[in-house]
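S.K.: What follows is a structure written as structure tokens; I'll ask about it next.
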Amino acid sequence: MDNGMINQIILVTDGQSNIGGDPALAAYEAASQGIIVNAIGIIDPSSVGMQEIKDIAKAGNGQYQLVQIEDLASSMVLVTHQSVQATLEQIVSSQLKQLIGSEVGDISPKKRGKVFEFIERLQDEIALKCLILTDTSGSMSNKLQAARESIISLFKSLEIRSGKNLIGVMSFPNGSSGYTKIISPFTDNCSELEDELLKLQPSGNTPTAPALRAAISYFLQTKEDNNGLLEQFVV
Amino acid sequence: MTVPKLTAGYEVTGRWNKKKYAVISQLGKGGTARVYLALDKVSGNNVALKISENFSSLNREYNIMRLLSANKFSPQVYEIDDCKIMGKFYNYIAMEYIQGTTLKMLINQPIEPKTALSIIKFIAIALGILHKNGYIYCDLKPENIIYDKRKSRIVLIDFGGAVKKGSCVVEYTPVFDRSSWGIGTRRADESYDIFALSMLLMILLKGELYNPSKQEFYKIIKESDVLKMEPIKKGLLMKYSNIWEFYRDIKSMKNTGLNKEYDKILNSILVIAISIFLGIIIAAYKIIGF
Ligand SMILES: Nc1ncnc2c1ncn2[C@@H]1O[C@H](COP(=O)(O)OP(=O)(O)OP(=O)(O)O)[C@@H](O)[C@H]1O
């Protein structure tokens, strides 16, 4: 298990995609390649189309939350931990199924404890590669400072784990020149990340689906040598 | 939220222990769970059923609640089991139904220092027991505290956010999270909970919530000075590493309304009551021999 790694995207948006196709389909494509997609919807008085957030997380095998901008940081921390836990539970369960022909649910609640302890330990030790894909269009533009602070806050929370963390940040759209922009490459260095985050700037449309696809190919480009656990066990 | 909404009368049957419950109404819902008031069909008692699709988290919650079960500061837990709803398995715990109001209802006007301090003392004891067992509660907030009028006690619910000491805080609410105020990490330790508890006391006394993205931390420290609440200040500045020190300071606050004499009398009554109780238990033990 030592060289396993969990790959996840956290999509942060306050609107509905309006260009470039269906984001849930793109999230499904990510999940098929072993990348979990979590989605956080920022709600404000003008927000519409939050069903999309749920659909994206469902298709992406991830978690979703609908929150006020003040709660973005706590929500990122929570979805990250929940999705890591859920993913490990799925992996361990399917391994158990292969080994002894039964899933965690087939073991009586009293005897599950050992399995959960194992998952809890893995949760703390497993390497995590997390790409924050943040919307910088329209009404998100006045929430970017909060987004920067939340990303740093997530980083500091994850640092407490004993496993390795790599955090990258991508924004969408990228003005006239394309759908997405890499704000910060994957890094385990907080001050590097802080500097890069200053590049987070407001821009135009909301092409959620193409942005998710760009995030997938960025994952594939930066693939570590080791095989992700997920790629082996979870479809 | 994918735990389905159940209607009144829906029958929940345990997969392993085969217990049956009839749903009465929904008590609340959170990130991954729904809580129902239900009727235990055998005993005829009302229970609270927390139903979740997150098996490991609910399992941990059950184990933590078991640790506290001997005390009255958390709901008694009866069983953990699975149930099938619309073809899919969920995990549930059956626990004591706490009738009362959450502290959230109290936060719209300042409350009496005497009352606030006694609420905080109860919670401190509950947290102290949890700490002794190696866990940190983390997500302390008014929504997770119920005032049980009938039994006049304070009950802590929702142990879903509790983690082992030393690990990373997973669930928090910014105003009660020291890291959101920029003065500490999210590594779970006793002073993390003491910070949250001190903040809660401040909020109860002021009758309004604070907001770390709009307010500055030192202003709250200043307010605690104005209120002459030394333990709040010490708690917020993380001067306590042990919740019993905080508890002792809270207990010795003059504003408790109870003066020292009265406290002494109360204490001796308590000692006598406990001795009588123990006496009865020992006698019962000798007679029945269980
Ligand atoms: N034992 C109980 N007796 C009465 N009401 C309860 C009890 N347990 C929970 N509730 C009610 O249900 C609501 C939700 O419960 P709880 O906070 O445990 O679930 P949750 O928020 O879904 O948990 P989590 O934060 O782990 O997802 C509470 O706010 C409370 O009103």
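S.K.: Within region B:185-210, which residues are surrounded by fewer than 22 Cβ atoms within 10 Å (Cβ to Cβ), within 14 Å of chain A (Cβ to nearest Cβ) and either over 30 Å from A:Gln85 (Cα atoms) or touching a Phe, Trp or Tyr at 6+ places or on another chain (Cβ under 7 Å) (or both)?
M.R.: Once the filter is applied, which keeps residues that are surrounded by fewer than 22 Cβ atoms within 10 Å (Cβ to Cβ), within 14 Å of chain A (Cβ to nearest Cβ) and either over 30 Å from A:Gln85 (Cα atoms) or touching a Phe, Trp or Tyr at 6+ places or on another chain (Cβ under 7 Å) (or both), region B:185-210 yields B:Leu209, B:Tyr210.
S.K.: Only residues in region B:205-221 that are assigned to a loop (DSSP other than H, G, I, E, B) count as the first member; pair them with residues that are open to solvent by 100 Å² or more (accessible area, probe 1.4 Å), Cβ under 7 angstrom, at least 6 apart or cross-chain, and list the lot.
M.R.: Listed by first residue and then by second, the contacts come to B:Gly207/B:Asn108; B:Gly207/B:Gln109.
S.K.: A further question on this structure: I'd like the residue in region A:57-83 that is modelled with pLDDT under 95 and of a type in the set (Val, Ile, Thr) and, out of all such residues, is most open to solvent (accessible area, probe 1.4 Å).
M.R.: So, considering only residues that are modelled with pLDDT under 95 and of a type in the set (Val, Ile, Thr), the one most open to solvent (accessible area, probe 1.4 Å) is A:Ile69.
S.K.: Sticking with this one: If you go through region B:25-46, how many residues are open to solvent by 70 Å² or more (accessible area, probe 1.4 Å) and within 16 Å of the ligand (Cβ to nearest atom)?
M.R.: Kept after step one, since they are open to solvent by 70 Å² or more (accessible area, probe 1.4 Å), are these residues of region B:25-46: B:27, B:29, B:41-42, B:45-46.
From what is left, the residues that are within 16 Å of the ligand (Cβ to nearest atom) are B:27, B:29, B:45-46.
Number of matching residues: 4.
S.K.: Select from region B:100-109 the residues that are surrounded by 14 or more Cβ atoms within 10 Å (Cβ to Cβ) and assigned to a loop (DSSP other than H, G, I, E, B) and write down the one among them that is farthest from the ligand (Cβ to nearest atom).
M.R.: Here the answer is B:Ile107.
S.K.: Counting only residues that are over 17 Å from the mean Cα position of the chain (by Cα) and among the aliphatic types (A, V, I, L, M), which one in region A:116-131 is nearest to the other protein chains (Cβ to nearest Cβ)?
M.R.: A:Ile119
S.K.: Shifting gears a bit: Tell me the residue from B:Lys151, B:Lys164 that is within 10 Å of chain A (Cβ to nearest Cβ), of a type in the set (Lys, Arg) and open to solvent by 10 Å² or more (accessible area, probe 1.4 Å), please. Walk me through it before giving the result.
M.R.: On the way: B:Lys151 fails: within 10 Å of chain A (Cβ to nearest Cβ).
Matching residue, one of B:Lys151, B:Lys164: B:Lys164.
S.K.: Just checking, how many residues over region B:60-95 are polar (S, T, N, Q) and either over 17 Å from B:Ala162 (Cα atoms) or touching a Ser or Thr at 6+ places or on another chain (Cβ under 9 Å) (or both)?
M.R.: Residues flagged as polar (S, T, N, Q) and either over 17 Å from B:Ala162 (Cα atoms) or touching a Ser or Thr at 6+ places or on another chain (Cβ under 9 Å) (or both) within region B:60-95 amount to 3.
S.K.: Now, a different point. Kindly evaluate A:Ser17 against the criterion of being open to solvent by 30 Å² or more (accessible area, probe 1.4 Å) and among the small types (Gly, Ala, Ser).
M.R.: no
S.K.: Let me ask another. Pick from region B:70-89 the residues that are open to solvent by less than 10 Å² (accessible area, probe 1.4 Å) and within 13 Å of the ligand (Cβ to nearest atom): which of them is nearest to B:Val169 (Cα to Cα)?
M.R.: Selected residue: B:Ser74.
S.K.: Now for a different question. So if I check each of A:Leu122, A:Leu131, A:Leu144, which one is more than 29 Å from B:Tyr62 (Cβ to Cβ), touching a residue at least 60 places away in the same chain (Cβ under 8 Å) and hydrophobic (A, V, I, L, M, F, W, C)?
M.R.: Only one candidate passes the filter, namely A:Leu131.
S.K.: Right, next: Which ones in region B:132-142 are away from chain A (no Cβ under 14 Å) and within 13 Å of the ligand (Cβ to nearest atom)?
M.R.: Those that are away from chain A (no Cβ under 14 Å) and within 13 Å of the ligand (Cβ to nearest atom): B:Tyr137, B:Pro142.
S.K.: Same structure, new question: Is it the case that some residue within region B:48-69 is more than 17 Å from B:Tyr137 (Cα to Cα), more than 14 Å from chain A (Cβ to nearest Cβ) and open to solvent by 10 Å² or more (accessible area, probe 1.4 Å)?
M.R.: So far as region B:48-69 goes, no, none of its residues is more than 17 Å from B:Tyr137 (Cα to Cα), more than 14 Å from chain A (Cβ to nearest Cβ) and open to solvent by 10 Å² or more (accessible area, probe 1.4 Å).
S.K.: Scan region B:66-76 residue by residue and report those that are more than 18 Å from B:Thr102 (Cα to Cα) and either modelled with pLDDT under 90 or not basic (Lys, Arg) (or both). Explain how you work it out, then say what you get.
M.R.: Taking region B:66-76 first, the residues more than 18 Å from B:Thr102 (Cα to Cα) are B:66-71.
Of everything in region B:66-76, those that are more than 18 Å from B:Thr102 (Cα to Cα) and either modelled with pLDDT under 90 or not basic (Lys, Arg) (or both) turn out to be B:Leu67, B:Leu68, B:Ser69, B:Ala70, B:Asn71.
S.K.: Restricting attention to region B:31-65, and to residues there that are touching a strand residue (DSSP E or B) at 6+ places or on another chain (Cβ under 6 Å) and acidic (Asp, Glu), which single residue is modelled with the highest pLDDT?
M.R.: The selected residue is B:Asp40.
S.K.: Also, I was wondering about something else. Only one of (1) open to solvent by 30 Å² or more (accessible area, probe 1.4 Å); (2) at the interface with another protein chain (Cβ under 10 Å from one of its Cβ atoms) fails for A:Ile100. Which number is that?
M.R.: Result: A:Ile100 passes all but (2).
The values are calculated or read from the model by the stated rules, or taken from the named source; none is laboratory data. Keep in mind that this is a model prediction, so the values were computed, not measured. Counting neighbours? That spans all protein chains shown, and the Cβs are built from the backbone with ideal geometry, glycine included. For accessibility, only protein heavy atoms count, side chains too; no ligands or nucleic acids. Shrake-Rupley method; radii C 1.70, N 1.55, O 1.52, S 1.80 Å.
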